[in-house]
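The values are calculated or read from the model by the stated rules, or taken from the named source; none is laboratory data. Please read all numbers here as calculations on a predicted model, not as lab measurements. We place every Cβ from the backbone using ideal geometry, glycine too, and count neighbours over all the protein chains shown.
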Amino acid sequence: MVNERSFTMTKQETHPAEDTRDRIREAAVRVFSREGFDRASVKSVAEEAGVAVGSIYNHFRDKDDLLISIFEDEFEQRMRLLDELESAQVPARDRVERLLADHFARAREHKELAELLLYERFHRGSRLQARIVPLQRGVVERIAGILRAGIDEGWIRPCHPTVVAQALFDLVQTMTACWVLSDPDEADEIFAAAPKELADLMWKGLRKSETV
């Protein structure tokens, strides 16, 4: 009897390990989005990726580990972008706007992934939350760090940087959820304008008042 851990070799399994891992993740996004995480099977993911079921277990402990890896990859990409912008000494305001632009561009390009991340972020068990919450906090803390620098430099009014950063993070998630549920034409127009509008909203509210 063939089970989900059985090996069924395919011609596509000659790819390097990292390419196979990426292909599995991309296939998992499509399958989890289409079937729902709880209903989806490892076998379905393997068939979608064109790999043996056993290959999935070579890269991921189980289905939960595969989903967590998808989350980790998304957050790691955002952190790498922030590192690149900081290394390039991009101004703080532009850094946040570039981060927002990257988020919305990726969501538009990979709608299935955006839907999966939004849904599963709030519907998984404690194991997923234990891995995902620190990643979210990492992004929020990096944004808070940009705000702290602005306060120290005197161009941002005194505020609680973590509260403001968390509010921006949550607002972005809410807008992404609205986009997923909206008419595509209207949603694309909103998403195209969102990075600058949100950055303007944040900076105008944070700008230090001129003293008379």
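Tabulated results
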| read-out | value |
| --- | --- |
| Matching helices (runs of 4 or more DSSP H) fully within region 36-110 where at least 1 residues are touching a residue at least 60 places away in the same chain (Cβ under 8 Å) | 63-87, 92-109 |
| Those residues of region 120-148 which are assigned to a helix (DSSP H, G or I), within 24 Å of Gly36 (Cα to Cα) and free of Cβ contacts under 8 Å to residues at least 40 places away in the same chain, in sequence order | Ser126, Gln129, Ala130, Val133 |
| Residues satisfying the stated conditions in region 22-42, i.e. of a type in the set (Gly, Ala, Ser) and more than 12 Å from Ile56 (Cα to Cα) | Ser33, Gly36, Ala40 |
| Of the criteria (1) in contact with a Phe, Trp or Tyr (Cβ under 8 Å, 6 or more places away or on another chain); (2) of a type in the set (Val, Ile, Thr); (3) modelled with pLDDT of 85 or more, which one Ile132 fails | (3) |
| Flag for Ile146 being at pLDDT 85 or above and either surrounded by 15 or more Cβ atoms within 10 Å (Cβ to Cβ) or not acidic (Asp, Glu) (or both) | yes |
| Filtered residues of region 21-63 (kept if among the hydroxyl-bearing types (Ser, Thr, Tyr) and surrounded by fewer than 21 Cβ atoms within 10 Å (Cβ to Cβ)) | Ser33, Ser41, Ser44, Tyr57 |
| Considering residues of region 31-78 that are closer than 20 Å to Asp19 by Cβ and among the polar types (S, T, N, Q) only, the residue nearest to the chain's Cα centre (by Cα) | Gln77 |
| Counted residues, region 149-167 - those being in a helix (DSSP H, G or I), buried (at least 20 other Cβ atoms within 10 Å of the Cβ) and not small (Gly, Ala, Ser) | 1 |
